[in-house]
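Enquirer: Below: one structure in structure tokens.
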Amino acid sequence: MLAALLVLLAARPLTSERRALTLRRGREMVAAVSVDAPRVVRAACPHDCPDTCAMLVTVGPDGRAVEVRGNPDQPVTAGFLCGKVSDYLERVYAADRLLHPLLRTGPKGSGQFRRASWDEALDAVAAGLRSAIDRHGGESVLPYSYLGTMGLLQNNSMSGRVMNALGATELVRTICADAGIAGTTITQGASPEVDPERWPNARYVLCWGWNPLSTAPHLWRLVLAARRGGAKLVVIDPFRSRTARLADEHIAPVPGTDGALALGMMRALLDADLVDQAWCRAHTTGFDELLERLRSRSVADHVAPCGVDEATVRRVAAEFARSQPSLLRLGVGAQRHQGAPMAYRTISCLPALAGSWRHDGGGFSYLPVATARLISRTALARPDLRTRPARRINMSRLGDVLTDPVLDPPVAALVCWNANPAQAAPDQSRVLAGLRREDLFTVVAEQFLTDTARHADVVLPATSQLEHLDAVGSWGHHYLTWNEPAIAPVGEAKPNTEIFRLVAARLGLDDPCFAETDEQMMASLFAGAPGGITLDALRHRGFVKIDLGQGSLPHALGRFGTRDGRLALSAPELIERGVDPLPHFDPPVEVLDADLAARFPLALLTPKLHLFLNSTFANQRHQRRAHPAPFVVLHPADAAERGLDDGERVRVFNDRGAFVAALRVCDDTRAGVAVAPTGWWCRDHEDGPGAQATTSQRLTALGAAPVFNDNRVQVERA
């Protein structure tokens, strides 16, 4: 019966009233067929994690989900869920879940709201957006969203259509991995990386700026499989993460010096006569130019900024070349500083010189850019609805944008979904000041009253993954995963797609695309079977592998995604952008600034927590038991120098802002580096904002990405 309902929805455009009636009847139909026995529904974890787990949801006779578990048939995610999602039903049925629309009654940020009907809330949304547009034009409306859900539909499909039709400002979404993508695609284009299912064949695994035990436990399982087969695991990270604690070796460079370390390792390969000259001459461009660059400085000179001894660099480089297959897996942690794009470009050259691409399980992995681009969601957002080019604003400059007195036009309306910028955006104090503007009309679609939602004029309740249709790609493996709605929306929550359909109707947007159902949009996305994937096959099995046809040895014979199919050790196109075409060390701005270090002697890192995903899950009972309160880690030498003891409350500050946290003193961090994990909401910081209050809004030259870890601070007793 549910299938019949979906066919009906797809058959013709519906008015909002008829759609509501049809959906209500559909729920009644689902309830009618649910009384016999529990159902098991295929689902996908939607969160901003490379693992993208295939899930199975058991729904009881009363229509309530009673169990969420991993799908054991999925080869990568292998039937178990991480500590963040294993209690997902607590999130779906949480006592503090937003179940009804809310209208603000108190000061912004106070969390004072009253319940409203959907009609009343939609009227308020339409009035606020019309007012902004009438006064300042469509570009005064700023959308703000990211990967609160990675779904092809619920991420930015109908929402994108509405923003394009309004002529809203275009949000440049580069807050996470774009610095690294900019660098690695210069070197190898949009190419298949080493398929994670081949990782167990590796005999040397170099995890660089990556903590998979906390941020990708299913990919960590594949690293462990390689280790059981005899692989050595080496972790490069300034902080001793959970992964680093279990590694065979941990190397802790000065933050932001990764590019220099990679150059030193390449020079060490050259000195030891371990460079795979035959493969490089056959499948790269600029090989001789790179050799000349490497020979211009010694290993010691290359790695001088890193704080890593020369003997270690020479040994690890030699092991990486000799222990084939060798795999270098980059994470996002090393790309949050000014020189990150060039660092990632440089690091991605190392496996080529070592000959790693020749071997099954060897080579380089970062993000599967090639598979992600095969099924594009851009068309779903209908950019053709715009009548002129859009103003573009980078999401990491939100603080400046909201507080700029001369920005023309000003941001008069903010529409936020799938994100919590009040907690996650850099220069947090400035972001909060902007969100508190009384002349800023703010709409937030959310599942909980987050820091950002507390500053909204209108809050609209959004569905969880169990309550809507979607398909979810992965930025860690090569599978696309189906998500069937398992239960009716809890309370009055609605999918993002439906929320923006209703907003479009209230604003009088009458293009037929605003009446398309989720089923119709999904059908258009898979029209033509991109990558050989059909909608029927995806729905039937629950997941389908995206096969790019390059097998277990994707680049043994070159075939990179560059213009000439060769790995670009030299990239002449960079010259036009004023950038050195060869791999080089592009230093961080603050970390190596001696004058700044005299005032703020500690480099600050702000990594993710083990059981939070950015700020998601920070309000849940199980996760909060593990991470009850904010803390900052200092090396014993740094604590002693300041007369500070473990457990004290300390103030961490610079010219941009400050935060207060409990001090942990241990040698998990190197001297001169403070570590303050992020994710707690503002309400968990008794004395104000969190660690992002100290981070800058600076962007990288390549990739226009933020530089969270290019940051200097001082620490004192609170």
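Enquirer: Can you give the charge dipole size of segment 614-673 about its Cα centre, rounded to the nearest 20 debye, using +1 on the beta carbon of Lys and Arg and -1 on the beta carbon of Asp and Glu? Before the final figure, lay out each step's value.
Expert: Numbers: 9 positive and 8 negative charges, 90 e Å.
That gives a dipole near 440 debye.
Enquirer: Roughly speaking, what is the stretch gain from residue 114 to residue 80, that is 0.36 nm per residue apart minus the C-alpha to C-alpha distance, in nm to one decimal? Write down the numbers at each step before the final one.
Expert: Numbers: separation 34, 0.36 × 34 = 12.24 nm, distance 4.00 nm.
Full extension of this stretch gives 8.2 nm more.
Enquirer: Taking the chain, how much of its Cα-Cα pair set, in percent, is spaced more than 52 angstrom apart?
Expert: Numbers: 24076 of 257403 pairs.
In whole percent, the long-distance tail amounts to 9.
Enquirer: Still on this structure, I have one more. Select from 617, 472, 701 the residue farthest towards the positive end of the dipole of the chain; place +1 on Cβ of Lys and Arg, -1 on Cβ of Asp and Glu, and compute about the Cα centre.
Expert: Value computed over the given set: 472.
Enquirer: Considering only 222, 405, 565, whose Cα is most displaced toward the positive end of the charge dipole of the chain, charges sitting on Cβ of Lys, Arg (+1) and Asp, Glu (-1)?
Expert: The residue sitting farthest along the positive end of the dipole is 222.
Enquirer: What is the sum of charges around residue 665, taking Lys and Arg as +1, Asp and Glu as -1, for the other residues whose C-beta is under 11 Å from the C-beta of residue 665?
Expert: Details: positive: 642, 664; negative: 638, 645, 646, 648, 667, 668.
Value of the local net charge: -4.
Enquirer: Would you calculate, for the chain, the mean residue ellipticity at 222 nm contributed by helices, counting each DSSP H stretch of 4 or more residues as -39,500 (n - 2.57) and dividing by all residues, to the nearest 500?
Expert: Numbers: 26 runs with 221 residues, N = 718.
Taking each H run of at least 4 residues, the total per residue is -8500 deg cm²/dmol.
Enquirer: Also, I was wondering about something else. With every protein chain kept in place and ligands, DNA and RNA left out, what is the accessible area per residue of the chain? Probe 1.4 Å, answer in Å².
Expert: So the chain comes to 36 Å² accessible per residue, rounded to a whole number.
Enquirer: Something else: Whole angstrom only: what separates the Cα centroid of segment 118-134 from the Cα centroid of segment 605-627?
Expert: Cα centres, segment 118-134 to segment 605-627: 34 Å.
Enquirer: What is the distance in Å between the Cα centres of segment 379-439 and segment 171-199?
Expert: Their Cα centres are 26 Å away from one another.
Enquirer: Now a separate question. Once you list every other residue whose beta carbon is under 11 Å from the beta carbon of residue 162, what net charge do they have if Lys and Arg are +1 and Asp and Glu are -1? Present the calculation step by step, with values, prior to reporting the outcome.
Expert: Values: positive: 161, 382, 501, 506; negative: 511.
Value of the local net charge: +3.
Enquirer: About its Cα centre, how strong a charge dipole does segment 573-718 have in debye, to the nearest 20, once Lys and Arg get +1 and Asp and Glu get -1 at the Cβ?
Expert: On the way: 16 positive and 20 negative charges, 148 e Å.
Computed charge dipole of segment 573-718: roughly 720 debye.
Enquirer: Put +1 on the Cβ of each Lys and Arg and -1 on the Cβ of each Asp and Glu in the chain; which of 715, 335, 594 then has its Cα farthest toward the positive end of the dipole?
Expert: Positive-most Cα among the choices belongs to 335.
Enquirer: Moving on to the next point. Which percent, to the nearest 5, of DSSP beta bridges fully inside the chain are antiparallel?
Expert: Details: 38 of 82 bridges.
Within the chain, antiparallel bridges account for around 45 percent of the total.
Enquirer: Quick one: Cα centre-to-centre distance for segment 538-556 and segment 206-233, in angstrom?
Expert: Result: 21 Å between the Cα centres.
Enquirer: Over the chain, with every protein chain in place, what whole percent of the accessible area is carbon and sulfur at 1.4 Å, could you tell me?
Expert: Working: 13110 of 25580 Å².
Roughly 51 percent of what the probe reaches on the chain is carbon or sulfur.
Enquirer: Let me check I've understood the local charge: for residue 281, count other residues with C-beta under 12 angstrom from its C-beta, Lys and Arg +1, Asp and Glu -1. What total comes out? Provide the component values of the computation, followed by the final result.
Expert: Working: positive: 566; negative: 276, 288.
Net charge around residue 281: -1.
Enquirer: With each pseudo-label sitting 7 Å past Cα toward Cβ, what's the residue 375-residue 438 distance in nm, one decimal?
Expert: Label-label distance for residue 375 and residue 438, simple model: 4.9 nm.
Enquirer: With only alpha-carbon pairs counted, each pair once and no self-pairs, how large is the Kirkwood hydrodynamic radius of segment 481-550 in angstroms? Mind showing how you got there, number by number?
Expert: On the way: mean 1/r = 0.0691 Å⁻¹.
About 14.5 Å, per the Kirkwood formula over Cα pairs.
Enquirer: About its Cα centre, what dipole magnitude does the chain give when the only charges are +1 on Lys and Arg Cβ and -1 on Asp and Glu Cβ, stated in debye to the nearest 20? Can you show the working numbers first?
Expert: Working: 79 positive and 79 negative charges, 189 e Å.
Value, rounded to 20: 900 debye.
Enquirer: At a 4.7 angstrom Cβ threshold, list every cysteine in the chain that has nobody to pair with, or say none.
Expert: 49, 82, 176, 207, 280, 306, 349, 416, 513, 666, 682 - these cysteines have no disulfide-compatible partner (Cβ-Cβ under 4.7 Å) in the chain.
Enquirer: Sorted by average packing, counted as other Cβ atoms within 10 angstrom per residue and highest first, what order do 89-96, 572-579, 171-178 take? Please report the intermediate quantities before stating the final value.
Expert: On the way: 89-96: 15.0, 572-579: 11.8, 171-178: 20.2.
By packing density, highest mean first, the sequence is 171-178, 89-96, 572-579.
Enquirer: Shifting gears a bit: Report relative contact order for the chain in percent, whole number only (criteria: Cα-Cα under 8 Å, sequence separation at least 6). Intermediate results must be reported in sequence, preceding the final value.
Expert: Values: 1647 pairs, mean separation 144.4, N = 718.
Reported relative contact order: 20 percent.
Enquirer: Quick check: the angle from helix 496-506's long axis to the longest principal axis of the chain, C-alpha only, nearest 10 degrees?
Expert: The angle comes out near 50 degrees.
The values are calculated or read from the model by the stated rules, or taken from the named source; none is laboratory data. These numbers come from a predicted model, not from an experiment. Neighbour counts run over all protein chains shown; Cβ positions are idealised from the backbone, glycine included. Only protein heavy atoms, including side chains, enter the accessible area calculation; ligands, DNA and RNA are left aside. Shrake-Rupley method; radii C 1.70, N 1.55, O 1.52, S 1.80 Å.
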